[in-house]
Each structure stands twice: as C-alpha cells, then as structure tokens.
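The values are calculated or read from the model by the stated rules, or taken from the named source; none is laboratory data. Please read these numbers as outputs of a predicted model, since none were measured by experiment. Neighbour counts run over all protein chains shown; Cβ positions are idealised from the backbone, glycine included. Note: accessible area is taken over every heavy atom of the protein model, side chains too, but ligands, DNA and RNA are not part of it. Shrake-Rupley method; radii C 1.70, N 1.55, O 1.52, S 1.80 Å.
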Amino acid sequence: MDQKRLLTALVLSFVILGVFTFVQEKFLPHPAPVPAAQVSGPAAQAGATPQTAAATAAANGPRLPVDAPLVKGSIGLTGAVFDDVVLKTYHETDAANSPLVQIMGRRGGKTPTYVQFGWSAPAGVKLPGDTTLWSASAPELTPASPVTLSWNNGQGLTFELLVSVDAQYMFTVQQKVVNAGSAAVQLYPWSRVVRDYQPTTIQTWVSFEGPIGVFSNTLKQESYKDLKSDGEKSAGGVAYSETAPGGWIGITDKYWLAAVAPEQSANMTGSMSYSAVNDGDGNAYQTSFIAAQPQTVAPGASVDFTSHLFAGAKVVKILDAYSDEYGIPNFYKAVDFGHLYFLTKPIFFALDYLNGLTGNFGLAIIIFTIGIKLLFFPLASYSYRSMARMKTLTPKINALKAQFKDDQAGLQAATMELYKSEKINPASGCLPMLLQIPVFFSLYKVIFVTIEMRQTPFYGWIHDLSAPDPTNLFNLFGLLPFDPTVYVPMLHIGLLPLIMGGTMYLQQKLNPAPADPAQARMFQFMPLIFTFMLARSPAGLVLYWTCNNILSVGQQWLIMRQAGKAAKTAKA
C-alpha cells in the first residue's frame, strides 16, 4: 500500500512539475536580456492613415537633430514626425558593445513607430499633413535651445509647433495657429502615438505591453490582439473611445513608453484604434487624443494648445516627478505594478532605497528579506514552536502507527485526537509559507517589470538579477559546450537554484514528518520540485527565497533546540 502511495505521490509531483514547466514556457515570461522595443504613434480623428510612398519618402527627408542628456535622435521635418528616439543610457543587452535602445523608428523600416501632432478642421481649410515640409527656427533641438517648426498654408493661417525637451524624457509641444486672414477658423488639435507593426510580446498577468492610457483617472489597457479584433469589427477601426478631461495615452513596452498627455483642463476624446497599412508588418496600432470642442481662431488672433510627449524609460521616480509637475494622473501606472500595487509599489521603493544605500540590488534583496523575517517573526516563531512540539510527539505517533498498522482511517483519527489533546495545530506549519506567498509574487512582479532591476548585477556569476541564473548543472556549469535547454527546456538548473533547493531540504529536515508515510515521502521530493520550478525564475527572486530559507532554518533550529531543552526539563 505504501509503495502504491509513493508511486502516486511521485507521479503527481512530476505532473505538477511538467504542468508548471509547460505553463512557464507557453505563458510566463522568462526574464532575460530583451532586445530594444519600439514605441510610437500618431492618431487623429479616428483610425490610422494608410502609409504611402510619400510618407515613406518623408521619413528620409530633412531632419531636425535632437540632443539631450538622456535621449538623442531627430524629428522628421516632412510631416513633423517624432520617429527617431534613442536612449543614451540603456543598451539592448548587458554587453558593453550592445546597441543603444531605440524606442521610435522611421516609417519605411521593419519597425515604424512615431508620434505626431496636428489639427482637424471643416472642409476647405488647408491643413499640414504627411507631405508638409516644415521650417525650423534652429539647427538642433536641445534643452537649452527650443525650436519652432512653422508652415504657412497660403490661406492666411500659419501653423507652428513650439518644441522643447528637458534633461530627461519629456518633450513639450505647443501647437499654435496664427490667423492673418479675414475670417474666423475653427480647429481641433490632436496628437497620436502609432506603431505600424505588432512586436513579439508575451501577455501575462506579470507584465502588460501594448496600447495604454488613463481616462477619468482609470487605467485602460488594450492588448494588440484585442485591439485588432475589435478594430476590425468597428467603424473607422476604433476599438475604444472615451471623452473626459485630460488624462494620457500611448503605447507601452515592458520597460519603455511613448505617451502623450494633453492639457489636463481640456476636454479630450481619447481613442484606441487599428487599421491595415502599407508599412511595417501591415498592422497599425494607434492611440490618439483630439479636442472635444474646437478652438476658434479669430482674424488677427492666435490660439495655442500644449501637450507633453514622454519618450523614454519607465523609471518610477521620473514618472512620479512628471505626474507632480504636470498634473498627469496615475502616470506611474505605466509601470505594471498590477492589482497588488499596494504591495508591489512599496516593495519596489523599499528595494530602491536599500539599493541606494548599498549600491547593489542583490544586497538590497538580502536586507529586505531580513526585514520581512523580522516583521513576521512572532507568527513564524509560533509556527515553529508548534512544529517543535509536534516533533516531541514522534514516539507517541510511532506507537499509534504500530497500534493502527492496518487501519489508516483509525490512525488518522487517533493522530488528530492526539494533536487535539496536546493543543497542537498541525496546520500551523503552513503559516510561514502562506505568509510568503503575497510577498513572493509581489517581489517577482517588481523584479520583472521595473527597469531599475533590469541588467543589475549581484556578485560572481550573477550578472543580471532580473534574468535566470545563467549557469546550468546539465552542462556541468559550462564545462560541456552545449545548451541542454535546446533539447529539453526544463533542463536548466543553475547554481543559485541548487543552493536554494539545498536550503529548502535542510529546512524540511527540521520539520516533523507527516504521519502518513506516503505524504512524508512526497514531501521529501518538494525541494527537488521547487528547484526545477524556480530554476528559470529571476535570480533576484531565487536569491530572496534562498535567504529566506537560511533565516528560517536558523530561527527554526533555535526554537526547536529551546523546545527540546524544555521537554527534557519537564521530564526531569
């Protein structure tokens, strides 16, 4: 009977492992060096404009260079298109010669992404478009040198874009129209963020990538798949639209964001739309704002409308600072802290603060783990004392096993009665594990989605805490020149996961064995199962689990030693 139960337990264990591996491969992202994502976007009234040869030519026309402390690139003067933004301080991988991350790309290429600002008006008003050649007031855009782009429509209207860039990732664009004609004109200013291709993404609960925005202080996310499906079914390709004051809208990647925030007092109609285009991979995903009410430009007068364009890395402190400075609502939600943001965001700030003190996110994780252990010390101590008392009952439980040798139900009932008489809760041993679960998943999300953790080294062989341990037991930690995961994805166990499994095994040896022999044997395989399960998780998460196990072992050993002495004293 015991052999049958053991076989069942082993089968179940490896089924769990197999299912976890399958889910991890198919649905869960694997932190690793990520190629530069592209972000962009124009969107006017509704639906993206199909690309033409003129638009492609515009991408190769005259350009205005951009040079700021954190970004560089250029603006296409044909069409006034923001389609070339490179981040100076971020590389695609952790290799020293790796290319810089480019989050906007010109039309005509494989990954066209861009931002545009424009106007809509009643028929008869000549407006700037994709082929419009704008003149620039200066040869280069820098934080110290704003530039005005201007174009005269020949009908008495001069359109201007007053562009400035700060020392980080924010462009300010003031759309201005001067009316030198004899009749008033009504105009609707708009802005749009467009991506003319669908990037390779893994949509999971861990991290969102795609069209995103905040309307009426509520976050709205639309996956590429849903946007395309809904857009193809709706008029003009608009899958979602809402009119509200202010807000922000754009397209996000895991670490990068392009988003437009209009004047927060203005009533805007925000839209997310899809259309087929003759560029990129043929798919255009667009987020846009257009003024809900027109601006009237009287003869001899002018009107203006100011928007802010964020194009850069989703650094939490920078997003929060922009939110305060410009009143952009919930701008930090560009970072996918998830539904447990009340845990994930404080955990992030704690790690970020500790990293500032230590200069190493790995040390920050270790200190954070110690803090969590201290926070839950009373509850964990209660659990360990209960387990220590259970261990002292081993002789009595062995006697019950002999008494009810062929009566499993009787053994279970007698064991529970013994626990009841001794006032021991056998489930109390689960407390430490249950307490770790929300912290564990919140920490996983923080490590995975925050750019502050991207490519951050620890010591030794751990060069990126947001990626799995790069070593592998199955090729003797690099001594054999092949990658076992090419053949079997689950054949990846690094040195740090092995250490984690060893600490888990040691912790398990301090716990009292379950009364049921089959359960006891099954529990013996848990360290091995968890080692496989966490082997492809971020090294930072495995480091947390390892440190937590080591601290738990120390706490548990001390308490059980004290309980053992107390038991001997009581007998004496």
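Hey, could you check the range 255-274 for residues that are surrounded by fewer than 24 Cβ atoms within 10 Å (Cβ to Cβ) and out of contact with any Gly (no Cβ under 6 Å at 6 or more places or on another chain) and say which is farthest from TYR322 (Cα to Cα)?
Checked the range 255-274; the qualifying residue farthest from TYR322 (Cα to Cα) is THR269.
Pick from the range 188-219 the residues that are open to solvent by 50 Å² or more (accessible area, probe 1.4 Å) and touching a strand residue (DSSP E or B) at 6+ places or on another chain (Cβ under 7 Å): which of them is modelled with the lowest pLDDT?
Across the range 188-219, the extreme among qualifying residues is GLN198.
Return the residues of the range 110-126 that are more than 22 Å from THR172 (Cβ to Cβ) and either free of Cβ contacts under 8 Å to residues at least 60 places away in the same chain or of a type in the set (S, T, N, Q) (or both); say none if nothing qualifies.
Once the filter is applied, which keeps residues that are more than 22 Å from THR172 (Cβ to Cβ) and either free of Cβ contacts under 8 Å to residues at least 60 places away in the same chain or of a type in the set (S, T, N, Q) (or both), the range 110-126 yields THR111, ALA123, GLY124, LYS126.
So, in the range 222-263, how many residues would count as being among the polar types (S, T, N, Q) and part of a loop (DSSP other than H, G, I, E, B)?
The total comes to 2.
Output yes when any residue across the range 188-202 is of a type outside the set (S, T, N, Q), over 23 Å from TYR114 (Cα atoms) and not in a strand (DSSP E or B), and no when none is.
No: the range 188-202 contains no residue that is of a type outside the set (S, T, N, Q), over 23 Å from TYR114 (Cα atoms) and not in a strand (DSSP E or B).
Does GLN168 satisfy being under 30 Å from PRO139 (Cα atoms), open to solvent by 30 Å² or more (accessible area, probe 1.4 Å) and either touching a Gly at 6+ places or on another chain (Cβ under 7 Å) or polar (S, T, N, Q) (or both)?
In short, yes.
Could you pull out the residue among THR306, THR344 that is outside any loop (DSSP other than H, G, I, E, B) and open to solvent by 30 Å² or more (accessible area, probe 1.4 Å)?
Numbers: THR344 fails: open to solvent by 30 Å² or more (accessible area, probe 1.4 Å).
None of the other options fit; the residue is THR306.
So is SER307 small (Gly, Ala, Ser) and more than 23 Å from GLU242 (Cα to Cα) or not?
It is false that SER307 is small (Gly, Ala, Ser) and more than 23 Å from GLU242 (Cα to Cα).
List the residue pairs whose Cβ atoms are under 7 Å apart, where the first residue sits in the range 255-279 and is free of Cβ contacts under 8 Å to residues at least 40 places away in the same chain and β-branched (Val, Ile, Thr), the second is open to solvent by 10 Å² or more (accessible area, probe 1.4 Å) and part of a strand (DSSP E or B), and the two are 6 or more positions apart or on different chains.
THR269/SER241; THR269/THR243; THR269/ILE290
Can you spot a residue in the range 99-115 that is open to solvent by less than 50 Å² (accessible area, probe 1.4 Å), over 23 Å from PRO199 (Cβ atoms) and among the polar types (S, T, N, Q)?
So far as the range 99-115 goes, no, none of its residues is open to solvent by less than 50 Å² (accessible area, probe 1.4 Å), over 23 Å from PRO199 (Cβ atoms) and among the polar types (S, T, N, Q).
Would you call ALA364 surrounded by 21 or more Cβ atoms within 10 Å (Cβ to Cβ) and modelled with pLDDT of 95 or more?
So ALA364 passes the test.
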